[in-house]
Structures are given as C-alpha cells and as structure tokens.
Amino acid sequence: MERTLSIIKPDGVRRGLIGEVIKRLEAEEIKIVAMKMIHMTKKEAQGFYAVHKEKPFFDSLTDFMTSGPIVVMVLQGEDVIARYRKLMGATNYKEAEPGTIRADFATDIEKNVVHGSDAPETAAIEIKYFFSELEIVG
Ligand code: UDP
Ligand code: MG
C-alpha cells in the first residue's frame with residue numbers, strides 16, 4: 001500500500017479542472033484519503049520545490065505555484081505513485097501520452113495542471129509538507 005501527494009495546480013483550479021481531475025482519479029478507483037485547498041506563499045512554494053532550487057525554471061515555477069489557490073490531496077492504494085504519474089502524463093505535455101491529464105489540459109511545460117510525487121521517499125516528504133497524520137483518513 002502506497003501514498004502519494006497530488007496537487008491540482010493554480011492553472012487547473014483557475015480553469016475549472018478540479019472536478020475533471022477528481023473524476024479521472026475516481027474512474028481509476030484511486031482513493032483520496034485527504035484533501036484541502038490552500039494558497040501557498042512564495043516561501044512555502046520554494047520549500048516544496050527545494051529539490052529544484054538550482055534549476056533555471058525555479059523562480060518562475062514558484063511564482064506560478066503561488067499565483068492562486070491549489071488543491072492538495074493524498075492518494076492511497078497499491079502502486080498509486082506510478083498509477084497516478086501515468087494518469088498525469090509526462091512533465092512536458094507535448095510528450096505526454098494522449099488521454100493523460102497533461103496531454104489533454106496542459107498549456108505549457110510549467111503550467112501542466114497537476115503534480116504527483118515521483119517515489120516513496122519524496123511522497124512521504126511531500127505529504128508531511130501539507131498534512132498531519134490526523135488529517136489523513138484510512
Ligand atoms: N517545469 C518547468 N520547466 C521545466 C521542467 C519542469 O517549468 O523545464 C515545472 C513543471 O511545472 C513541472 C515542475 O516544474 O511539473 C516540476 O518539475 P519535475 O521535473 O519534477 O516534473 P514533474 O515531476 O512535475 O513531472
Ligand atoms: Mg517532480
């Protein structure tokens with residue numbers, strides 16, 4: 001049993017895609033065990049994306065991630081990290097498989113609608129960044 005952190009990014013929330021993303025999770029029978037809407041500060045976004053702090057896109061990415069509210073969720077299930085990454089599609093929407101969230105809705109390599117943890121270690125860190133154990137059901 002795994003857990004992963006999912007984020008509907010500011011572009012997804014702005015464009016009315018919360019329901020669309022959740023619909024796709026539920027269609028795959030991926031269980032949501034925590035969920036809330038927040039609006040990150042620049043500092044919070046920099047902390048969340050600390051692994052990318054040396055990247056050229058870091059400043060723009062953290063500006064984007066603070067440009068509006070986001071929906072953060074914890075997903076739980078067998079192999080959920082890989083299953084959710086598959087639903088999301090590749091980081092670059094131009095390379096994402098047809099039918100994935102990013103292929104269908106991303107408008108830019110940065111504005112790609114969703115985030116998902118990439119490994120059990122990062123999932124654990126990312127979930128803790130937003131949720132206490134008390135906020136997670138199941
Ligand atoms: N990103 C970007 N330019 C790039 C690569 C990534 O703006 O060249 C953004 C994009 O929003 C991506 C996020 O930075 O989702 C984190 O990058 P990562 O490589 O971890 O991609 P992900 O795990 O989200 O697929
Ligand atoms: Mg990543």
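Against the test of being farther than 21 Å from ILE136 by Cα, under 14 Å from the mean Cα position of the chain (by Cα) and at pLDDT 95 or above, the options ALA45, ALA50 yield a single qualifying residue, ALA45. Residue-level check: of (1) in contact with a helix residue (DSSP H, G or I) (Cβ under 7 Å, 6 or more places away or on another chain); (2) β-branched (Val, Ile, Thr); (3) under 20 Å from ALA119 (Cβ atoms); (4) in a helix (DSSP H, G or I), VAL51 misses just (1). Scanning the range 64-118 for residues that are within 16 Å of LYS31 (Cα to Cα) and touching a strand residue (DSSP E or B) at 6+ places or on another chain (Cβ under 9 Å) yields a count of 19. The single condition among (1) touching a residue at least 60 places away in the same chain (Cβ under 8 Å); (2) outside any strand (DSSP E or B); (3) loosely packed, with under 15 Cβ neighbours inside 10 Å that LYS36 does not satisfy is (2). In this structure, is PHE64 touching a residue at least 24 places away in the same chain (Cβ under 8 Å) and either crowded, with 20+ Cβ neighbours inside 10 Å or touching an Asp or Glu at 6+ places or on another chain (Cβ under 7 Å) (or both)? Criteria met by PHE64. Kindly establish whether LYS43 is within 26 Å of MET1 (Cβ to Cβ), assigned to a helix (DSSP H, G or I), away from ligand 1 (no atom under 12 Å from the Cβ) and without any contact (Cβ under 8 Å) to a residue 12 or more places away in the chain. So LYS43 does not fit the description; no.
The values are calculated or read from the model by the stated rules, or taken from the named source; none is laboratory data. None of these values were measured; they are calculated from a predicted model. Heads up, the Cβs are rebuilt from the backbone with ideal geometry, glycines too, and the neighbour counts pull from every protein chain shown.
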